[in-house]
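The values are calculated or read from the model by the stated rules, or taken from the named source; none is laboratory data. This one's a predicted model, so the numbers in the text were calculated from it and none came from an experiment. With ideal geometry, Cβ positions are generated from the backbone for all residues, glycine too; neighbour counts draw on all protein chains shown.
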Amino acid sequence: MKSTIQEIIGQRYSCRSYLDEPIREMHRQSLKDFLETQQIGPLGTHARFELVAATQDDRQSLKGLGTYGFIKNPTGFIIGALEQGPKNLEDYGYLLEHAILAATDIGLGTCWLGGTFTKSRFAKKISLRDTETIPAVVATGYIVEKIGRDGQIRKYLSANRRLPKEQLFKIDTFGSPLTTEAAGAYAELLEMVRWAPSASNKQPWRIVRIGDTWHFYLQRTKGYGKGTLLFSVLRLADLQRVDMGIAMCHFELTARALGLNGHWANKDPQIKTPENTEYIVTWLNE
Ligand SMILES: Cc1cc2nc3c(=O)[nH]c(=O)nc-3n(C[C@H](O)[C@H](O)[C@H](O)COP(=O)(O)O)c2cc1C
């Protein structure tokens with residue numbers, strides 16, 4: 001990567017207006033090479049990703065697939081095919097966010113799109129197998145700079161804002177916010193998690209520090225996502241689990257850059273959780 005991971009995370013935002021200009025060969029090749037490396041998630045699920053050029057028909061089909069927000073002139077899509085598995089959506093979020101950060105580093109704009117792609121034209125492009133699904137895709141292309149982070153949809157989503165860190169990060173129990181002092185060397189890393197993208201900017205990630213372990217929880221947004229009428233009618237994937245994988249990606253890449261090594265494990269500390277909150281995974285410091 002050319003820039004530091006902190007710089008790349010700072011540059012990334014959901015770009016919804018692209019220049020009507022194909023992705024240059026050099027950038028296309030670089031992204032394709034990166035996608036080749038994204039084959040297995042940190043929690044063990046296999047996936048494969050492809051960069052495809054966007055046609056007019058692809059662009060028009062997006063609305064009917066349950067995505068929100070108008071995406072103007074995407075020139076390419078990163079499509080992923082995901083195998084089944086207990087933590088497959090988290091792995092998908094992790095792998096595809098890693099690809100987004102690589103795309104950001106070479107100057108491309110990106111936007112996650114959650115939708116019903118599994119039986120769409122996008123499935124044909126990646127020759128989707130029976131055992132695979134496409135929980136989301138990513139639009140990409142060159143950024144229209146003058147619109148940048150100011151669009152109407154961004155205002156609607158409060159996309160330039162995040163929840164306060166006290167609400168997201170805790171120590172020992174859900175009742176005790178993690179102070180900057182108690183976060184220590186991890187304060188900067190948690191800030192990188194805070195700026196992660198999430199479906200409808202709901203930011204469902206919660207992290208509880210207990211000694212040298214960081215426990216990741218999904219706090220489901222009431223009236224949104226899995227189990228709601230909207231999600232079942234549109235047959236959308238459980239996108240808040242994809243959000244969890246995205247947060248894991250920001251956490252791990254920043255941890256490694258800061259020399260704070262560790263690994264993922266299934267180590268539920270069995271602490272009392274608030275309503276609608278489920279344990280996902282733990283990062284163990286090494
Ligand atoms: C899983 C997922 C699905 C998303 N789906 C859409 C979508 O369908 N349409 C859209 O315009 N943005 C979509 N987004 C982008 C979010 O709205 C965006 O990440 C959030 O508002 C925060 O803004 P930022 O990415 O610019 O920081 C999605 C993001 C994620 C992580």
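If the condition is being farther than 17 Å from Gly115 by Cβ and hydroxyl-bearing (Ser, Thr, Tyr), then region 74-92 contributes only Thr75. Selection within region 116-157: residues that are within 11 Å of the ligand (Cβ to nearest atom) and of a type in the set (Gly, Ala, Ser). The member of this set that is nearest to Lys202 (Cα to Cα) is Ala136. Checking every residue in region 228-241 against the condition of being in a helix (DSSP H, G or I), among the charged types (D, E, K, R), surrounded by fewer than 21 Cβ atoms within 10 Å (Cβ to Cβ) and not assigned by TED's automatic domain parsing to the domain that holds Leu101 gives zero matches. If you filter region 173-201 down to residues that are without any contact (Cβ under 8 Å) to a residue 60 or more places away in the chain and within 17 Å of Pro274 (Cα to Cα), you find that the one that is surrounded by the fewest Cβ atoms within 10 Å (Cβ to Cβ) is Gly175. Of all the numbered requirements in (1) at pLDDT 95 or above; (2) surrounded by 21 or more Cβ atoms within 10 Å (Cβ to Cβ), Pro269 misses one, and that requirement is (2). Within region 1-37, being under 21 Å from Met248 (Cβ atoms), in contact with a strand residue (DSSP E or B) (Cβ under 7 Å, 6 or more places away or on another chain) and more than 16 Å from the ligand (Cβ to nearest atom) holds for one residue alone: Leu35.
Within region 38-73, track down each residue that is of a type in the set (Gly, Ala, Ser), more than 18 Å from Ala123 (Cα to Cα) and either modelled with pLDDT of 95 or more or away from the ligand (no atom under 13 Å from the Cβ) (or both). Please lay out each step first, then the result.
Residues of region 38-73 of a type in the set (Gly, Ala, Ser): 41, 44, 47, 53-54, 61, 64, 66, 69.
Cutting the leftovers down to more than 18 Å from Ala123 (Cα to Cα) gives us 41, 44, 69.
Matches in region 38-73: Gly41, Gly44.
For region 53-71, filtering for residues that are more than 24 Å from Tyr13 (Cβ to Cβ) and surrounded by 15 or more Cβ atoms within 10 Å (Cβ to Cβ) leaves 1.
Residues in region 169-204 that are within 16 Å of the ligand (Cβ to nearest atom) and in a loop (DSSP other than H, G, I, E, B): Trp195, Ala196, Pro197, Ser198, Lys202, Gln203, Pro204.
Among the helices (runs of 4 or more DSSP H) confined to region 94-168, the ones with at least 1 residues that are hydroxyl-bearing (Ser, Thr, Tyr) and within 20 Å of the chain's Cα centre (by Cα) are located at 152-157. For region 31-52, how many residues meet the condition of being surrounded by 16 or more Cβ atoms within 10 Å (Cβ to Cβ) and either touching a His at 6+ places or on another chain (Cβ under 9 Å) or in a helix (DSSP H, G or I) (or both)? Of the residues in region 31-52, 5 are surrounded by 16 or more Cβ atoms within 10 Å (Cβ to Cβ) and either touching a His at 6+ places or on another chain (Cβ under 9 Å) or in a helix (DSSP H, G or I) (or both). Identify the residue in region 78-97 that is surrounded by fewer than 24 Cβ atoms within 10 Å (Cβ to Cβ) and more than 18 Å from Arg129 (Cα to Cα) and, among all such residues, is nearest to the ligand (Cβ to nearest atom). The qualifying residue nearest to the ligand (Cβ to nearest atom) is Lys87. In region 157-170, the residues that are among the acidic types (Asp, Glu) reach residues that are surrounded by fewer than 18 Cβ atoms within 10 Å (Cβ to Cβ) with C-beta atoms within less than 8 angstrom, at least six apart or across chains, in these pairs: Glu166/Pro177.
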